[in-house]
Amino acid sequence: MIKTKIFSQSDQKKLENEVNQFIHRISRKNLIDIKFSASTTKGSLTGELYTVLIIYEE
């Protein structure tokens with residue numbers, strides 16, 4: 001079964017740690033793809049948001 005896991009953080013280092021911890025729990029051969037996105041917001045909630053999508057087989 002193919003699954004996805006999404007991580008979002010405003011702090012890149014925290015996001016990196018979360019993703020690395022997750023990747024260590026799944027087998028490398030089951031990892032299909034990793035997508036990364038960065039976005040910036042303006043207005044009263046100005047900031048950056050980093051998102052990672054991991055596609056893997058279970």
Yes or no: Leu53 among the aliphatic types (A, V, I, L, M) and in contact with a Phe, Trp or Tyr (Cβ under 6 Å, 6 or more places away or on another chain)? no
I'm trying to understand the selection: among the residues of segment 5-32, which are among the hydroxyl-bearing types (Ser, Thr, Tyr) and in contact (Cβ under 8 Å) with a residue 24 or more places away in the chain? Ser8, Ser10
If you go through segment 38-49 one residue at a time, do you hit one that is among the basic types (Lys, Arg) and modelled with pLDDT of 95 or more? no
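The values are calculated or read from the model by the stated rules, or taken from the named source; none is laboratory data. Just so you know, these numbers come straight off a predicted model, no measurement behind them. FYI the Cβ positions are ideal-geometry reconstructions off the backbone, even for glycines, and counts take in every protein chain you see.
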